[in-house]
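Heads up: the structure comes next, in C-alpha cells.
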Amino acid sequence: MSLKTVAVFLIFLTFVSSHVNSSDELIPIFEEFESTNITEGNIACTIDINTQTGSPQPVYIRPGTNQFFHPSNRNGQIQMSANQAMELWCSGSWASPSGVPNLITATCVSGQTFQYNGINFNFNDFRCSNWPSWTARRTTTNCFNGGILVDFGYQVGIRWFHVYTVCHDLVLETTWFTQYQLTPISDANQSGVTRPSWSQAGFFTSREVDTLYTRVRQRQTIAIILDDQDAANRFIEETSEVFLARGHLAAMTDFILATEQRSTFHFLNVAPQWQTFNNGDWVSVEMSTRSFAANRGLTLDVYTGTWGNGQLWNTAGSWRNIFLDWPAQRIQMPMIYYKVLIHQETLSGVVLIGVNNPHLSLTDIQTRGYIICPDISNQINYISWTRTNLRRGYSYACEVHDFTRVVPHIPAINNIRYRLLT
C-alpha cells in the first residue's frame with residue numbers, strides 16, 4: 001500500500017469517527033448519493049423492489065457510503081450499469097448464499113443476475129436467515145423539556161445508516177416529535193412489507209407497553225381515571241375502530257426499503273391515536289405529503305409530533321387528562337398530531353394538524369384549545385382530506401411561524417419566517 005493510499009485511508013477513518021460520535025446537529029442528514037453515468041442507454045440491471053427482492057431482505061448499501069441503495073425512480077426500480085457494485089448486509093447469518101460474511105459485495109451482470117465471488121446469482125437469491133436488526137441509538141443531545149434525541153438505523157461496522165430521529169421525554173415517556181426526510185422517490189416505497197412485533201428495547205423498562213394498548217386495559221385505565229366504567233365502555237368500543245391504537249409518528253410507508261420501514265416499529269415512535277383518525281384523515285395526510293414531494297420533485301424535512309394532553313369526560317361532566325399508564329401519568333393521549341413540512345431551498349413550509357379525539361363536538365374543538373393557530377388550509381390544495389369529519393379527525397393547516405408561537409418543540413424551525421409551501 002502506497003503512502004498516499006495510507007494517508008487517504010486515515011483521513012477517511014478520522015472523518016467517519018467524528019461523524020459517528022457527533023451530536024452537534026439534530027440528525028445526520030446526507031444528500032442522496034447518485035450513481036454516475038447511469039443513463040437509459042447503459043442500464044444493465046433493473047430490480048423491482050416489490051417483486052424481485054429476497055426475503056428476509058438484506059440491507060442494500062451504496063458501496064463506501066452511509067446511504068441505502070434506493071430505487072432510481074418512482075417506479076420502485078433499482079437501475080445499475082454493468083459491473084456496478086452493491087453492498088448487502090445481514091446482521092446475522094445468510095440463508096443464501098450460505099457461509100458468507102455479514103457484509104458482501106455483488107456486481108451487476110444483466111437483468112436480475114448479479115455476481116458474487118465469481119458465481120452468478122439471481123438478485124432475489126440474496127436472503128438473510130432473519131430480518132436484519134436495527135438499532136435505537138441514544139445520543140448525548142437534549143431536546144424539548146429535557147428530552148433526549150434517539151437515532152434509529154443500522155450499525156454496519158463503523159458506518160451508521162440513519163433512518164429517523166425521535167425527541168423523547170424519559171420522565172413523561174412521551175415522544176414530542178420525530179424527524180426525517182421525504183424525497184422525490186418516497187412514494188416508491190416497498191409494499192406488503194412484513195410487519196415486525198413492536199419493540200421497546202432499551203426503554204420503558206418498568207412494564208410491558210404493548211399490554212397498555214389492549215382494549216380491555218384501555219377501558220380499565222380510563223374507568224379509573226374518570227371514576228366511571230360506563231363512560232369508559234362508551235369511549236372504547238368493542239367491535240369498531242373507536243379505540244386507542246399505536247399511532248406511528250414517523251410513518252412506516254414514508255420510508256422506501258423494507259429494512260427502513262421495519263425500524264419504525266418501536267414504542268418511541270408511537271403515541272396513543274384513535275384508530276378512526278389513524279386510519280382516516282391522518283393516513284390521507286401521510287399519503288398526500290409523499291405524493292406532493294414526488295410530484296414536485298422536492299426533498300422535504302419532516303417533523304411529526306404531538307401536542308397537549310387529550311381529555312375525556314365522565315357522566316358528571318368532569319373532564320380529565322387521559323394516560324395509558326396510570327397512576328404514573330405517563331404515555332399521555334395527545335390532543336393533536338402535527339406534521340411540519342419544510343423545503344429548505346425556498347425557505348417555505350406548512351404545518352398539517354389533526355385532532356386526536358373522535359368523541360369531541362365541533363364546539364369542543366373550537367373552545368377547548370384544539371385550534372392552536374390560524375387555519376390556512378384553504379390556501380393549500382395538495383392534501384386529500386375530509387377536514388371537518390369529526391370521526392375521521394378534524395384537520396387544518398397553519399403557517400409555520402404561527403405554529404411555533406404555540407409549540408416550541410423544534411428549535412431548528414423556531415424564529416424563522418418561512419413562506420407558505422403551496
Discussion item. Which order do the peptides 154-160, 52-58 come out in when sorted by mean C-beta neighbours inside 10 angstrom, highest first?
Written reply: 52-58, 154-160
Practice prompt. Starting at the first residue of the stretch 374-385, write each ³J(HN,Hα) from the Karplus equation 6.51 cos²θ - 1.76 cosθ + 1.60 with θ = phi - 60°, in whole Hz, x for Gly and Pro.
Written response: x, 7, 10, 4, 6, 9, 10, 10, 9, 10, 8, 9
Worksheet item: Using the alpha-carbon centroid of each, what span in Å lies between the stretch 250-287 and the stretch 232-247?
Response: 18
Discussion item. If packing is taken as the average number of other Cβ atoms within 10 Å across a peptide's residues, how do 376-383, 124-131 rank, most packed first?
Written reply: 124-131, 376-383
Worksheet item: Scaled to the compact-protein estimate 2.2 N^0.38 Å, what is the alpha-carbon radius of gyration of the stretch 146-227, rounded to two decimal places?
Response: 1.45
Discussion item. Going by Cα centres, the stretch 333-372 and the stretch 375-412 are how many Å apart?
Written reply: 5
Worksheet entry | Positive-end residue, the chain charge dipole about Cα centroid, Cβ charges, pick of 382, 251, 273 | 273
Worksheet item: Quick one: putting +1 on the C-beta of Lys and Arg, -1 on the C-beta of Asp and Glu, what dipole do you get for the stretch 194-322 around its Cα centre, in Debye to the nearest 20?
Response: 180
Fill in: Using θ = phi - 60° and Karplus 6.51 cos²θ - 1.76 cosθ + 1.60, couplings along the stretch 358-372 (whole Hz; Gly, Pro as x)
x, 8, 7, 8, 4, 5, 4, 4, 6, 10, 10, x, 8, 9, 9
Worksheet entry | Phi-based couplings in Hz for the stretch 214-220 (Karplus 6.51, -1.76, 1.60; Gly and Pro marked x) | 6, 4, 4, 5, 4, 4, 4
Worksheet, complete the sentence: In whole µm²/s, the translational diffusion coefficient that Stokes-Einstein assigns to the stretch 274-422, given a Kirkwood hydrodynamic radius over C-alpha pairs, 25 °C and 0.890 mPa s, equals 153
Discussion item. If you fit an axis through the alpha-carbon atoms of helix 3-20 and take the longest principal axis of the Cα set of the chain, what angle between them do you get, 0 to 90°, nearest 10?
Written reply: 10
Practice prompt. Note the direction-averaged projected area, equal to a quarter of the hull surface, for the Cα convex hull of the stretch 375-422, in nm².
Written response: 4.0
Worksheet item: So what's the back-of-envelope 222 nm ellipticity for the chain, counting only DSSP H runs of four-plus at -39500 (n - 2.57) apiece and dividing by all residues, rounded to 500?
Response: -5000 deg cm²/dmol
Discussion item. For residue 175, what residues show an amide H to amide H distance below 5 Å, using hydrogens built from the backbone and excluding near sequence neighbours?
Written reply: 169
Worksheet, complete the sentence: Hydrodynamic calc, the stretch 163-301: Kirkwood Rh from Cα pairs, then Stokes-Einstein at 10 °C with viscosity 1.306 mPa s, so D in µm² s⁻¹ is 96
Discussion item. Between 399, 237, 345, where does the largest GNM mean-square fluctuation fall for the chain, given springs only between Cα atoms within less than 10 Å?
Written reply: 345
Practice prompt. Give the label of the value calculated from the structure for P(r) over Cα pairs in 10 Å bins from 0, in percent, choosing from (1) 4, 16, 17, 14, 12, 13, 13, 8, 3, 0; (2) 5, 23, 33, 26, 11, 2, 0; (3) 4, 20, 29, 25, 14, 6, 2, 0, 0.
Written response: (3)
Fill in: Label-point gap, in nm, between residue 230 and residue 362 - each point 7 angstrom along Cα→Cβ
2.9
Practice prompt. Could you tell me how many degrees, from 0 to 90 and to the nearest 10, lie between the Cα long axis of helix 281-296 and the main elongation axis, the longest principal axis, of the Cα atoms of the chain?
Written response: 40
Fill in: Only Lys, Arg (+1) and Asp, Glu (-1) charged, at Cβ; the chain dipole about Cα centre in debye
200
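Any read-out appearing in this document is the output of simple, stated calculations on the displayed coordinates, not a laboratory observation. Since the model is a prediction, treat every value here as computed from it, not as a measurement. A quick note on method: Cβ atoms are made from the backbone with ideal geometry, for glycine too, and the neighbour counts reach across all protein chains shown.
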